[in-house]
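Colleague: Sharing a structure, written as structure tokens. Questions coming.
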Amino acid sequence: AGGASIWWGSSRTEPLTAAELAALDPGRLPAWDRVATRLWSPRAARWSDVLGYGLTVAPLLLLVESGDEVSAGELLAMYAETVALDRALVGSLKLGVGRVRPLAYNPDPRIPWSRKTSGFARRSFPSGHTSGAFAGAVFAGQVYARLYPDRAARHWVRGGALGLAAVTGYLRVRAGHHFPSDAVVGALMGGLVGWAVPELHEREVDPVVPDVPGRGVGGPTLAFCWGF
């Protein structure tokens with residue numbers, strides 16, 4: 001219900017008027033964000049869609065060999081929570097902040113006027129593509145490493161996923177859809193969600209191990225077992 005209400009609110013965002021567009025001044029933006037007001041690339045936007053949505057569903061590949069450590073149902077539940085939390089945070093901030101996208105500042109005649117004056121132009125902060133990509137990348141890397149702590153591939157999975165997520169953020173800026181600060185905040189937020197959900201699902205199992213004959217008596221023994 002929360003996600004549906006956020007989607008409904010986003011669809012009702014008031015479009016920018018011609019007067020509002022004319023009043024936009026790149027000089028009022030932070031210096032590190034101004035570069036985005038001169039960028040526009042539909043090709044970069046398309047590739048950011050491919051990478052962003054691809055990384056969002058990539059953790060589901062863990063279902064192929066989830067093994068005995070975590071059931072498919074548990075993995076799906078964890079990732080559903082990750083996606084839901086990430087989307088809720090992104091949607092809430094987009095509606096609450098209402099930051100105008102850099103393409104609205106850009107005088108490039110190739111940018112459709114309808115794009116500048118749409119409700120889409122008011123939803124720059126944070127970058128949802130970047131947040132979703134980092135949530136999926138961090139989740140996949142973290143869960144894979146814990147399922148297979150002895151596999152060297154865990155480093156490649158984590159590093160490769162994070163690298164692709166970073167490229168997604170760059171492409172969103174290159175496309176003119178986001179400021180660098182939108183992408184940075186999206187990366188931090190998505191990464192935090194992707195780390196926090198599986199971390200919070202860890203639980204202690206059978207913490208007290210009784211004394212085993214032959215081991216001698218040496219007081220209580222504690223052991224910790226992690227699961228998902």
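Colleague: Kirkwood Rh, Cα Rg: Rg to Rh for the range 41-136?
Modeller: That ratio is 1.11, to two decimals.
Colleague: Roughly how many Å² is the accessible area per residue of the range 54-167, as a whole number, for a 1.4 Å probe?
Modeller: With the other protein chains kept in place, the range 54-167 gives 46 Å² per residue.
Colleague: Another question, if that's okay. If packing is taken as the mean number of other Cβ atoms within 10 Å per residue, what is the order of 115-127, 98-110, highest first?
Modeller: Highest to lowest by the protection proxy: 115-127, 98-110.
Colleague: At R0 = 35 Å, how high is the FRET efficiency between A19 and R46 if r is their beta carbon distance? Nearest 0.05 is fine.
Modeller: Efficiency, rounded to the nearest 0.05: 0.65.
Colleague: Give me the percent of the accessible area of the range 29-116 that comes from carbon and sulfur atoms, probe 1.4 Å, all protein chains in place.
Modeller: Roughly 65 percent, rounded to a whole number.
Colleague: Sort 37-43, 82-88 by the packing proxy (mean of other Cβ within 10 Å over each peptide's residues), most packed first.
Modeller: Top to bottom by mean Cβ count within 10 Å: 82-88, 37-43.
Colleague: Could you tell me the extents of the range 119-184's C-alpha atoms along the three principal axes, largest first, rounded to whole Å?
Modeller: Between the extreme Cα coordinates on each principal axis of the range 119-184 lie 47, 17, 14 Å.
The values are calculated or read from the model by the stated rules, or taken from the named source; none is laboratory data. Owing to the predicted nature of the structure, the values given are computational and were not obtained by experimental measurement. We place every Cβ from the backbone using ideal geometry, glycine too, and count neighbours over all the protein chains shown. Each accessible area value is taken on the protein alone, full model and side chains, heavy atoms only, with ligands, DNA and RNA left out. Shrake-Rupley method; radii C 1.70, N 1.55, O 1.52, S 1.80 Å.
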